[in-house]
1. Tally up the residues in the stretch B:235-256 that are part of a loop (DSSP other than H, G, I, E, B), within 19 Å of B:I225 (Cα to Cα) and more than 21 Å from the chain's Cα centre (by Cα), please.
2. For the stretch B:26-40, indicate whether the set of residues that are among the polar types (S, T, N, Q) and either more than 27 Å from B:G326 (Cβ to Cβ) or modelled with pLDDT of 90 or more (or both) is non-empty.
3. Starting from residues that are within 7 Å of chain A (Cβ to nearest Cβ) and more than 22 Å from the chain's Cα centre (by Cα), keep the ones in the stretch B:301-332 and report whichever is nearest to B:R21 (Cα to Cα).
4. Among the residues of the stretch B:110-127, how many are at pLDDT 90 or above and of a type in the set (V, I, T)?
5. Give just the number: which of (1) farther than 30 Å from B:Q223 by Cβ; (2) over 23 Å from the mean Cα position of the chain (by Cα); (3) modelled with pLDDT of 90 or more does B:N130 not satisfy?
6. What do you reckon, is B:C367 within 14 Å of ligand 2 (Cβ to nearest atom), touching a residue at least 12 places away in the same chain (Cβ under 8 Å) and at the interface with chain A (Cβ under 7 Å from one of its Cβ atoms)?
7. Limited to the stretch B:109-133, what total is found for residues that are in contact (Cβ under 8 Å) with a residue 24 or more places away in the chain and either part of a strand (DSSP E or B) or surrounded by fewer than 16 Cβ atoms within 10 Å (Cβ to Cβ) (or both)?
8. From B:V337, B:V323, B:V287, which residue is buried (at least 24 other Cβ atoms within 10 Å of the Cβ), within 25 Å of B:V183 (Cα to Cα) and either modelled with pLDDT under 95 or away from ligand 2 (no atom under 16 Å from the Cβ) (or both)?
Amino acid sequence: MSADNALTLEQKQAGIFTVSASPHMLSNESIPKIMWTVVIALLPAVIFGMVIFGGGAVQTVLLCVISAMVFEAMVLKIRKRRICINDGSAFLTGLLLAMCLPADVPFYLPIVGSFIAIVVAKHSMGGLGYNIFNPAHVGRAALVLSWPVAMTTWTPMTYSVDTVSSATPLGVLKLQGYDAVVQMFGGQADMYKDLFFGFRGGCLGETSVLLLVLGGIFLIYKGYIDWVVPVTMIGTVGVLTWAFGGSVGLFSGDPLFHMMAGGLIIGAFFMATDMVTSPITKKGKIIFAFGCGAITVLIRLIGGYPEGVCYSILLMNSVTPLIDRLCKVPSQKRRVA
Amino acid sequence: MFSRGKWGIHPETHKTATADRPIESMKLPEKVIIPIRQHIGAPCEPVVKKGDLVKTGQLIAVGNAAVSSNTHASVSGTVTEIAVKPHPICGEDMAIVIESDGADQWEENIPTNRDWQAMTNEEILSIIKNAGIVGMGGAAFPTYVKLNPPKDKQIDTLIINAAECEPFLTADHRVMLEYAQSVVSGIKIMKKILGVQNIIVGVEDNKMDAVKVMREAFGDLAQVIPMKTQYPQGAEKMIIKTLLQRSVSSGQLPMDVGVVVQNVGTAAAVADAVIKGIPLVERIVTVSGSMIKEPKNLKVRIGTSFADVIAACGGFEGTPGKVIMGGPMMGIAEYTVDVPVIKGTSGILAISVKEAKKMEESPCIHCGKCVSVCPMGLNPSMLSILAEKEIIDEARDEYNIVDCMECGCCSFVCPAKRHIVHHIKYTKKLLADKAAREKGATK
Ligand code: SF4
Ligand code: SF4
C-alpha cells in the first residue's frame, strides 16, 4: 500500500474513538424543539386574546412568562443544575398559565401563579419529566382558591361586535340558565359564531375555538400530540352534555355550546395532551381523555363551579401512573411478538 | 407495495455515497488477523500452529460445537501468531495471525466446478458447514443450522432478505446488481435443501434497480417484492410479517411459523461454496461515513484490519470521532482500527467527532414516541426507567424486555436523548448474570 494513503500513526491515534452503545445516529428531535413548537401553536390564540382584551392581557402574559422563566432559573441554580431556561418548558408553562387567567388580574397573581407552577408543581416533584400534575393548571387552581373574586372578574372585550357582556357563557349558564346565554349573544346562530371565532368573555387565551383548533391540528401534524386525546375528551363532553345537559329530559342539551365554551378546547388540545402528565400508551390516553371529559361535565352540570376542565385534568393527572400500570405496553394487536 | 401499521422509523439513508459504486476487490493485506470466534455460539478450535505454512482457503480452525462453523485462511502465507488480539465484538479474543506471502496461492481444487444437482442434501449441507458459511447480514449465524431445521418443523417458505434497511450499507444492493447469477444459484440450492416451493425476495423500495435485475434473473423461481423503506424492515420478524403477514411470537423462531430467512449475500456465498468449492474467506464490506475519503463497496479478505480497509478507501477525511462495524443503528463502536474484518462485517463507518458526540441524557418526558415506533410493541420508556433503578425482574416479567431486538428505533426518536438501548442491554446483561447465578446455585 502506498505510503500516502496508508494511515499515519497520528491518524490512528487521533481518534480515541467514542465507544458507546448503538444506535450511532439520532433524530433531530429534542425537548426544546417540542416546547417551542407548542409555543408557536399557541401564539395565534394568545395574540387574539391580547387584541380582544387589550393591554391587561399583554401585561398578564408578559408577567406570567417572565416570572416563570425567572423562577425556573432560580430553582435550577439552587438545585445546581445546568441553567437551560431556553429549553422552552418554563416559557410554555408561563404562557399556558396566562392563557387560563382573566386578562385584568392584579399584577401579583401571575407571579404567584408562576411560582406555584414552577417551584411547587414542577421542581418540588423533581423537575421536568417527574412532575405528576400539569404545572400551569396547578398554578391556576391555586389562584382560584386564593383569589376567587379576582379570578372571576372578567374583562370586557375592547371592541364588542355586539352587546355581549363580560360574563362568561358558562357562568351565565350556571346562574341564569341556557336561555339567558342565547339571549346574551342575541340568538343561537350568533352564539355559535361568536364562540367559534372567540368573541366572548373568558380567560384570555381560551376563547378562540378556531385558532386553538388550528394550533392543535398543527401539533397533531407535527406528531407532538395524539389526536385521540382531544377527540375523545371533546367528544365525551359533547355526548354527555347532549344527554344530560338539557332542562327537558334526556338528549335535550346543547353539545355544540358545551364543546366550544369555557376552557375545553385549550384544555383538550394543550393540557390533556401534556406529555409528562398524561399516559404514554394510546389506550391509556383514551382512558385519560375520557375521564377528563366525564369529570368536566360532572362539574359543569352538577358541581359548584361553572367550569371543570382544569380540575378534571388535574384529577386525571393523579391517576396517570395508575393508568400507565394498567396499559403497560401498546395494544397487543400491533405487536409482532 | 407491502406495508403494515405504524412502526419503525425513517432515518436518512445516506446510501447515495456508495450505492452506485461497483464492488472493488481490495488488494491483499500484508497480514490477516482471523479471530476464532466469528459469531455468537462457541469459538472454533485452531488446527494450525505457529510457523505453519497455509494456503488460501485452507482450514485453520474447526467448529465442533452445535452452533459453530469452520474458519479458513484468507491469504496464503505463514502463521506467525496465535494470540489474543483486538476483536470487533468482544474487545479482545484469540485469533490466528497469518503473514501473507503475497502469492495468494489457493488450496488445491479451489475453485472447482461441481454439479450440485447430483448431490444429496446431506452432501450439500456438509459442504456449506465445512465452508464456514454464515449469515452475511451481520448476525453471522451458521447457515447450515438454519437450513437444517428439526424434522418436526414444516417449512413452506424461504424468504431472501435483501431489505438492507440499515442506513449507509449498500453491500447487499451491489451483490444483487453484480452477482445476480450467484444469488440465483444459491437460492436454487437452498430451495432443494429445504424442499420449499414458495420463495420470496424482499427488497426495500429504495432499490428498484435491484428489484428489476432480480426479477429478470429469477423468472418464475421466486417472487421479488418491493417493501416500504422503513427501518427495521430487514429484521427477521418484521420481514416475515411484511411479506407473509405471519407473526413470530415471543420466544419463537421463524421456523416455528414455517419460514427460513436467509440474507441475499448468504445465497451468493452458498453458491460459491457448493459449486466452486470456495470457503468463506472474503466478503463485501461497505466503507462509508462522512470521515471516509472515498466511500466504497469493497471485497475484503476476512481478517484484514479496519485500518487497511480504510486506507484502501483513501484514509480518513479529518478526525473521525467514531468507527463503527455494521450500520449506524445496530453497529458496534470500535475502540481501535486494529480490529479485523470478520464474517459478519457488513460495513465499516467512520463518522465525525460532532456526529459522534454523546448526547447528555435527560429525564423521560413521557412523550410516547419510543412506544409508538417500537416494532416489537414494547414500552422502551419504562424499560429505560426500570433499568436506571435496576428493577430487572419487572422489566422481564411485566415489560417483556427479552423481546427487544435492540433495533435502536426508540433511542433514535427520543427527544430527551435517553440512552434507551444502552439501558436495555445493561438490564439484559444483569438478567443473564442472575440466571447464571441461579443455575449455578441449583446445581
Ligand atoms: S425497545 Fe428494543 S425493539 Fe423496541 S424500539 Fe427499542 S431497541 Fe427496538
Ligand atoms: S421517547 Fe424518550 S422522552 Fe419520549 S417517552 Fe420515550 S424515553 Fe421518554
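The values are calculated or read from the model by the stated rules, or taken from the named source; none is laboratory data. Computed from a predicted structure; not experimentally measured. When we count neighbours, we look across all protein chains shown, and the Cβ atoms used for this are built from the backbone with ideal geometry, even at glycine.
1. Here is the first cut: in the stretch B:235-256, the ones part of a loop (DSSP other than H, G, I, E, B) are B:235, B:245-253.
Checking which are within 19 Å of B:I225 (Cα to Cα) leaves us with B:235, B:245-247.
Now drop any that are not more than 21 Å from the chain's Cα centre (by Cα), which leaves B:245-247.
So the count comes out to 3.
2. Checked against the condition, which is being among the polar types (S, T, N, Q) and either more than 27 Å from B:G326 (Cβ to Cβ) or modelled with pLDDT of 90 or more (or both), the stretch B:26-40 yields no hits at all.
3. Step by step, filter the stretch B:301-332, then rank; the result is B:G314.
4. Result for the stretch B:110-127: 3.
5. B:N130 satisfies every listed condition except (2).
6. Yes.
7. The total comes to 6.
8. Of B:V337, B:V323, B:V287, the one residue that is buried (at least 24 other Cβ atoms within 10 Å of the Cβ), within 25 Å of B:V183 (Cα to Cα) and either modelled with pLDDT under 95 or away from ligand 2 (no atom under 16 Å from the Cβ) (or both) is B:V287.
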